[in-house]
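Everything below concerns the one structure shown next.
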Amino acid sequence: MSDTHILVERPEAQPGVMVIRFNRPEKKNAITSAMYSRMTAALHEANEDEAVRAVAFLGTEGCFSAGNDMGDFLAYAMSGSKEPPAAAVFIKALAVAEKPLVSGVDGLAIGIGTTLNLHCDMTVASSRSLFKTPFVDLALVPEAASSLLAPKVIGHQRAFAMLAAGEGFSAQDALDAGLIWKIVEADAVEAETLSLAAALAKKPPQALKIARDLVRGPREAVLARIDEELVHFSAQLRSAEARAAFEAFMRR
Ligand code: COA
């Protein structure tokens, strides 16, 4: 990976905030294994560094992320690797992240670009955003504990529409469903997200941590569901039907 595909920054104007930015706009911020590993390292760093009080995920103009890199999906499926994919390691780090997580979505939020937000505490999105998880269309299954968290957050029917039927959710749909905190103009997403993170970073950290832990609840069930999903996800990733779907995308 170019080391600019994930930018990890500590903006001076927002003390206490760590920004993790998808920065591969030429590929719609599709996430490679190396990018997952960089984000995992950043989340560990945030956990361990008292100076980090909040973490903000951001993308680029018009695109949060197009999800997992299709070429990486295909390479992993062909490799026969027994190692857990870097995506799974990142997802677990996300699930146990200790600092408040906020995200700013402008435009495309596909696959993990959507499910990542289920682990965020507050998400700001532009009205042109699209949340979509075409897992089943790619012969895959839901990941990131979305099969547990989405029904809880948005209810069964919407979760099924999103995770199984692959229906896209506009920003308004996402707001109505309780998937995001608020909608702002596209050119305000970044400033609003950073200001939200900065405000959280100013709060008494111990009280905020306790409040967050209480609101989020125990993580054991989330981690167990990530593992359960992973068994199916890994098997499906290697299936002929998934390979055909990835190859069809690569051939377009
Ligand atoms: N993995 C790898 N490359 C991707 C990608 C992905 N998930 N999403 C987009 N890209 C690449 C495209 O291949 C293209 O590269 P190229 O210019 O070298 O050909 C570039 O990003 C621009 O994408 P393009 O498809 O031309 O843009 P678009 O605006 O017409 O469509 C999407 C954007 C996101 C709707 C479309 O790219 C798409 O469906 N991507 C796959 C999303 C997905 O299914 N992710 C996995 C979810 S589990």
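The values are calculated or read from the model by the stated rules, or taken from the named source; none is laboratory data. These numbers were taken from a predicted model, which means no experiment stands behind them. Cβ atoms come from the backbone with ideal geometry, glycine included; neighbour counts cover every protein chain shown. Accessible surface areas use protein heavy atoms only, side chains included; no ligands, DNA or RNA. Shrake-Rupley method; radii C 1.70, N 1.55, O 1.52, S 1.80 Å.
Based on what the data block shows, is Met39 assigned to a helix (DSSP H, G or I), modelled with pLDDT of 95 or more and within 12 Å of the ligand (Cβ to nearest atom)? In short, no. If you go through segment 53-63 one residue at a time, do you hit one that is within 15 Å of Ala174 (Cβ to Cβ), modelled with pLDDT of 95 or more and buried (at least 24 other Cβ atoms within 10 Å of the Cβ)? The answer is no; no qualifying residue exists. Scanning segment 52-87 for residues that are of a type in the set (Gly, Ala, Ser) and farther than 22 Å from Thr123 by Cα yields Gly71, Ala75, Ala77, Ser79, Gly80, Ser81, Ala86.
When restricted to residues that are assigned to a helix (DSSP H, G or I), of a type outside the set (Asp, Glu) and more than 11 Å from the chain's Cα centre (by Cα), segment 66-107 contains 14. Within segment 7-20, does at least one residue satisfy the condition of being farther than 30 Å from Gln206 by Cβ and either in contact with a His (Cβ under 7 Å, 6 or more places away or on another chain) or part of a loop (DSSP other than H, G, I, E, B) (or both)? Within segment 7-20, none of the residues are farther than 30 Å from Gln206 by Cβ and either in contact with a His (Cβ under 7 Å, 6 or more places away or on another chain) or part of a loop (DSSP other than H, G, I, E, B) (or both). Do we find a residue being outside any helix (DSSP H, G or I) and open to solvent by less than 10 Å² (accessible area, probe 1.4 Å) anywhere in segment 151-162? No, that holds for no residue. Taken over segment 194-221, the criterion of being farther than 13 Å from Gly16 by Cβ and either among the aromatic types (Phe, Trp, Tyr) or open to solvent by less than 30 Å² (accessible area, probe 1.4 Å) (or both) is satisfied by Arg212, Gly217.
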